Structure formats: C-alpha cells, structure tokens
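Before any comments, here is the structure.
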Amino acid sequence: MVWQIKIEKKAKKALSSLDFPIQKKIVRYLREKLTEDPRLFGKELVGDMAGLRRYRVEDYRIICRLEDHLLIVLVLDIGHRKEIYD
C-alpha cells in the first residue's frame, strides 16, 4: 500500500519560510518514510492534539493526520519544535 502525501496550505507556507536545506530534508522525509507506512515512524500526540501524529526532522516537527480509509497523510503544520505546539 502506498500512502499519498497531501500538504495543507498552512503547512506549505510554513515549509516555504524555512531555509532551503531543511526544506529538502523535510520533503525527502515525507517522500521516503511516510509513503509506505506512516505508523512505523513518528509518535501519537495526546491532549489537545489527540488523533494527530508528529514526525521529527532535526529540530523541526511535522504535524499530520492519517486518513486510513483513503491512505492519505495530511500534513497540517510544520515548524520548529519550540513553536509548533503553541
């Protein structure tokens, strides 16, 4: 099963504001790791963000929602670890 990656407008804007080398690392991570089985990586979030998953690329976090019935990884937000959970 191959999962599709869909990126929300907010996450695209956040990604484009990052330095180019980290942009490349994040995009590579999304393409290489999350298209096969996104549950093998990352971590389930709790509290206000329950139902979402986070993935780590250096000091940056990718917040996603998995839509199992459609095999879609929906990227909701991308940001530095100190700011992403605010």
> What is the number of the single condition among (1) touching a Gly at 6+ places or on another chain (Cβ under 8 Å); (2) among the basic types (Lys, Arg); (3) modelled with pLDDT under 95 that residue 33 does not meet?
Replying inline: (1)
> Any idea which of (1) touching a Gly at 6+ places or on another chain (Cβ under 9 Å); (2) touching a residue at least 24 places away in the same chain (Cβ under 8 Å) is the one residue 65 doesn't satisfy?
Replying inline: (2)
> Restricting the search to segment 1-28, which residues are within 24 Å of residue 69 (Cβ to Cβ), touching a residue at least 24 places away in the same chain (Cβ under 8 Å) and in a helix (DSSP H, G or I)?
Replying inline: 10, 11
>> Out of everything in segment 13-30 that is over 13 Å from residue 80 (Cβ atoms) and under 11 Å from the mean Cα position of the chain (by Cα), what residue ends up being surrounded by the fewest Cβ atoms within 10 Å (Cβ to Cβ)?
In response: 27
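Just checking, does segment 38-53 include any residue being among the charged types (D, E, K, R), surrounded by 13 or more Cβ atoms within 10 Å (Cβ to Cβ) and either assigned to a helix (DSSP H, G or I) or free of Cβ contacts under 8 Å to residues at least 40 places away in the same chain (or both)?
Our first condition is that a residue be among the charged types (D, E, K, R); within segment 38-53, this holds for 39, 43-44, 48, 53.
Within this subset, residues satisfying the condition of being surrounded by 13 or more Cβ atoms within 10 Å (Cβ to Cβ) are 53.
Retained after the next criterion (residues that are either assigned to a helix (DSSP H, G or I) or free of Cβ contacts under 8 Å to residues at least 40 places away in the same chain (or both)): 53.
Yes, segment 38-53 has at least one match.
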> Restricting the search to segment 31-58, which residues are touching a strand residue (DSSP E or B) at 6+ places or on another chain (Cβ under 6 Å) and closer than 15 Å to residue 83 by Cβ?
Replying inline: 54
> Of the conditions (1) in contact with a strand residue (DSSP E or B) (Cβ under 6 Å, 6 or more places away or on another chain); (2) under 18 Å from residue 10 (Cβ atoms); (3) buried (at least 17 other Cβ atoms within 10 Å of the Cβ), residue 79 fails just one. Which one is it?
Replying inline: (1)
> Taking segment 45-61 as the region of interest, how many residues are within 12 Å of the chain's Cα centre (by Cα) and more than 13 Å from residue 73 (Cβ to Cβ)?
Replying inline: 4
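The values are calculated or read from the model by the stated rules, or taken from the named source; none is laboratory data. Here the structure is a predicted model, which means the values were calculated and not measured. Glycine also receives a Cβ, built like all others from the backbone with ideal geometry; neighbour counts cover every protein chain displayed.
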